[in-house]
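Take a look at the structure below.
The values are calculated or read from the model by the stated rules, or taken from the named source; none is laboratory data. Predicted model, so just to flag it, every value in this text is computed and none were measured. When we count neighbours, we look across all protein chains shown, and the Cβ atoms used for this are built from the backbone with ideal geometry, even at glycine.
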Amino acid sequence: MIQTYHNYDLSAMNTMALNSCADTAIVVHDEAALPSIRPTGRWFVLAGGSNVLLPSVLNATVILPRMLGKHILSENDDEILLEVKAGENWHDLVSHCALQGWYGIENLALIPGLAGAAPVQNIGAYGVQLEDVLVCVKVYDWENSQFLTLSREECQFSYRHSIFKEQPNRYLITAITLRLHKTATRIQSNYGDLHNQALTLATAAGRDDIHAIDIYHAVIAIRQSKLPDPAILPNCGSFFQNPIISHGQFQQLICQYPTMPHYPINDALVKLPAGWLIEQAGLKGGGITPILTHTKQALVLTNHAPQSATQHDIAITQNHIIVSVQQKFGITLVREPVWVNADGSYQ
């Protein structure tokens with residue numbers, strides 16, 4: 001089943017609340033209808049609108065995947081394979097799995113958006129990325145007019161990247177399959193203060209060991225203490241990727257900034273928190289009106305003129321931050337949200 005609309009207002013369909021209107025929008029409730037869709041010109045898939053920056057006028061066909069459902073493909077004493085349709089709310093899925101005692105995605109709680117968008121960005125938080133639990137992705141290949149199943153390897157995941165960003169107009173994700181575990185030995189809590197918060201929750205529940213539900217609640221508490229609710233203060237989450245630098249460059253910086261937080265990736269590379277760099281550049285709570293960094297987390301850009309602010313406003317503050325951090329640390333920050341052009345292409 002599909003529904004088609006024209007001159008479709010997208011202002012309430014992106015969490016940054018940017019003013020935007022699309023030529024045509026097609027809502028898809030059943031993937032079986034996809035072969036019947038013949039978008040003319042450019043087309044663009046919009047899921048939950050949590051990681052995109054939309055233009056005021058989108059001269060393209062916007063496809064809104066709203067396929068729902070999740071079911072167990074296989075299960076044993078140790079693990080479970082769960083297939084999730086693209087239109088399922090991501091946080092609701094995380095909540096469901098944590099309550100079931102299925103481990104693997106509890107660190108990704110409270111990330112806004114839909115399940116089908118998760119592989120595009122290879123979403124991650126608190127030491128876990130989607131690729132850690134993803135088995136495969138079901139897609140409709142527009143180029144060859146056929147349904148395919150792509151393995152995790154075929155998705156070509158890297159940090160905040162995938163084949164879906166590399167070939168943006170080729171695939172529409174219809175479902176994802178996750179491998180989740182039933183034992184607490186698979187939890188990831190060694191990130192920041194996550195372990196201490198989760199252990200406190202476990203102790204309060206009368207347990208000595210940490211369960212998925214403890215990580216889940218701890219992540220929510222941490223995120224809510226630092227990040228604004230998009231429904232109250234429009235934002236699209238983390239705006240910049242955490243930069244990964246060489247060990248040599250890190251050694252130079254740590255001499256100048258001995259308290260700089262850092263996360264070694266291997267012997268050659270180190271990841272730095274972009275929010276800390278922005279804050280040290282004096283931009284926490286700053287920017288250029290109406291787009292300002294959040295007062296509690298400098299990594300988040302917030303929109304103080306919802307429904308009227310545009311991409312141009314975003315660009316001004318974005319560039320101001322990039323230049324400021326570059327001048328102070330010699331590091332060039334990279335935007336995380338997808339920038340959608342007026343013709344539906346994106347970068």
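Key figures for this structure:
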read-out	value
Test for LEU148: is it surrounded by fewer than 18 Cβ atoms within 10 Å (Cβ to Cβ), more than 19 Å from TRP339 (Cα to Cα) and not basic (Lys, Arg)	yes
Evaluation of TYR103 against (1) surrounded by fewer than 23 Cβ atoms within 10 Å (Cβ to Cβ); (2) of a type outside the set (Val, Ile, Thr); (3) in contact with a His (Cβ under 9 Å, 6 or more places away or on another chain) (one fails), failing number	(1)
Residue in region 43-57 that is surrounded by the most Cβ atoms within 10 Å (Cβ to Cβ), counting only those that are within 10 Å of SER20 (Cα to Cα) and touching a Leu at 6+ places or on another chain (Cβ under 7 Å)	LEU54
Residue among ALA315, ALA274 that is of a type outside the set (Phe, Trp, Tyr), closer than 30 Å to ARG186 by Cα and at pLDDT 95 or above	ALA274
Filtered residues of region 63-82 (kept if of a type in the set (A, V, I, L, M) and not in a loop (DSSP other than H, G, I, E, B))	ILE63, LEU64, ILE72, LEU73, ILE80, LEU81, LEU82
Residues of region 308-347 that turn out to be under 22 Å from the mean Cα position of the chain (by Cα) and polar (S, T, N, Q), as a count	9
Residue within region 189-197 that is touching a helix residue (DSSP H, G or I) at 6+ places or on another chain (Cβ under 9 Å), in a helix (DSSP H, G or I) and either of a type in the set (A, V, I, L, M, F, W, C) or closer than 22 Å to ILE80 by Cα (or both) present	yes
Residues of region 126-146 that turn out to be on the phi > 0 side of the Ramachandran plot and part of a strand (DSSP E or B), as a count	0
Looking only at region 295-347, and only at residues there that are out of contact with any helix residue (DSSP H, G or I) (no Cβ under 7 Å at 6 or more places or on another chain) and of a type in the set (Ser, Thr, Tyr), the one that is nearest to SER238 (Cα to Cα)	THR302
Among the candidates ILE111, ILE63, residue that is among the aliphatic types (A, V, I, L, M), closer than 21 Å to TRP142 by Cα and out of contact with any Asp or Glu (no Cβ under 9 Å at 6 or more places or on another chain)	ILE63
Number of the exception - VAL139 against (1) closer than 20 Å to ASN107 by Cβ; (2) buried (at least 20 other Cβ atoms within 10 Å of the Cβ)	(1)
Residues within region 147-173 that are over 19 Å from GLY124 (Cβ atoms), assigned to a strand (DSSP E or B) and at pLDDT below 95, tallied	2
Residue count for region 200-233, restricted to those that are polar (S, T, N, Q) and in contact (Cβ under 8 Å) with a residue 24 or more places away in the chain	2
Search result, residues across region 127-179 that are of a type in the set (A, V, I, L, M) and over 14 Å from ALA86 (Cα atoms)	VAL128, LEU130, VAL133, VAL135, LEU148, LEU150, ILE163
Close pairs from region 158-183: first more than 18 Å from VAL45 (Cβ to Cβ), partner assigned to a helix (DSSP H, G or I), Cβ under 8 Å, at least 6 apart	LEU180/CYS97
